[in-house]
1. Looking only at the range 35-53, which residues are surrounded by fewer than 17 Cβ atoms within 10 Å (Cβ to Cβ) and either within 9 Å of the ligand (Cβ to nearest atom) or under 14 Å from residue 190 (Cα atoms) (or both)?
2. Just a yes or no: is a residue in the range 134-142 of a type outside the set (A, V, I, L, M), touching a residue at least 40 places away in the same chain (Cβ under 8 Å), touching a strand residue (DSSP E or B) at 6+ places or on another chain (Cβ under 8 Å) and under 29 Å from residue 15 (Cα atoms)?
3. Applying the selection to the range 10-27, what residues are surrounded by fewer than 15 Cβ atoms within 10 Å (Cβ to Cβ) and more than 9 Å from the ligand (Cβ to nearest atom)?
4. If I ask for residues that are of a type in the set (Lys, Arg) and farther than 27 Å from residue 220 by Cβ, which ones from the range 63-101 would you list?
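Quick note: the coordinates plus some simple rules give every number you see, no bench work behind them. If you're wondering where the values come from, they're calculated on a predicted model, not measured in any experiment. No Cβ is skipped: glycine too gets one built from the backbone with ideal geometry, and neighbour counts run over all protein chains shown.
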Amino acid sequence: MNDSAKPNVLLCKGCWQHMKMPIPLRGPISIPFRVFGIRPSQMNPNLCTICETNFTRVKRRKQIVVPTTILFADVRGYTGLSETLGAEKMANMLHCFYDNCTKAVWEKDGIVNKFIGDAALAIFNFPIMQDDHVQQAVWAALDLLKACDEQKEQVTAEIDGENLSLGVGIGIHTGEVSIGELGSSYKEFTAIGPVVNLASRIQGQAEPGEVLVTEDVYQVVADSFPHAEKRVCDLKGVDHPVTGYVLVRQE
Ligand SMILES: [Zn+2]
């Protein structure tokens, strides 16, 4: 883990924002809490396990509707590459992807809600609330691509000049989603609804190395990306064409 990705707060940001409860995450005062299993969350180390697995207790409801920004990232060509590269190198690449994802998302106060094989689902504006969650998600996406691009050179060097890359594609959409616990035995909360589905679909249209966002996202960040490429996408399960924008980092 890079130094800048290290957790940096002493109290859980989620418990403080949602319940005004000071839950210590680190330092000597956190030790008694750890005895009761309260420790930094795997979704974001500036949150605690209460936030992660006690959604219903924190929010006093099974489900809530929250405006969020949803980011999906996916390693392209993973299945094809795994045959060429072998299990160990693929594991290394995936390890890089996971690390880069968590670092980029945590730095912008989002959570990596889950990894699904070679893909990641990140949520911004819950549990850590932030007015500029759309912008934060976009910066996280660009940071993630940049980090993967830097890793690409390392991995390429390792495999005798073969031109293989992490080739990550990212899709972002924003809107109201339903967040809560699904089922009774699986305790981690997740986000569901049309906004999540559309974020996933548009991610499928991003080429390796691209951040593709919906019109709703682009309207918020357009000033920073005046040269974004407009792309009309036909998405599976969506009966009308969806306008997307490819965002390019301005150096
Ligand atoms: Zn917490």
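1. Across the range 35-53, the qualifying residue is only 42.
2. Narrowing the range 134-142 to residues of a type outside the set (A, V, I, L, M): 135-136, 139.
Applying the additional criterion that residues be touching a residue at least 40 places away in the same chain (Cβ under 8 Å) yields 135-136.
With the extra rule that they be touching a strand residue (DSSP E or B) at 6+ places or on another chain (Cβ under 8 Å), the set shrinks to 136.
Now narrow it down to the ones that are under 29 Å from residue 15 (Cα atoms): 136.
Scanning the range 134-142 turns up at least one residue that is of a type outside the set (A, V, I, L, M), touching a residue at least 40 places away in the same chain (Cβ under 8 Å), touching a strand residue (DSSP E or B) at 6+ places or on another chain (Cβ under 8 Å) and under 29 Å from residue 15 (Cα atoms).
3. 10, 20, 22, 27
4. 89
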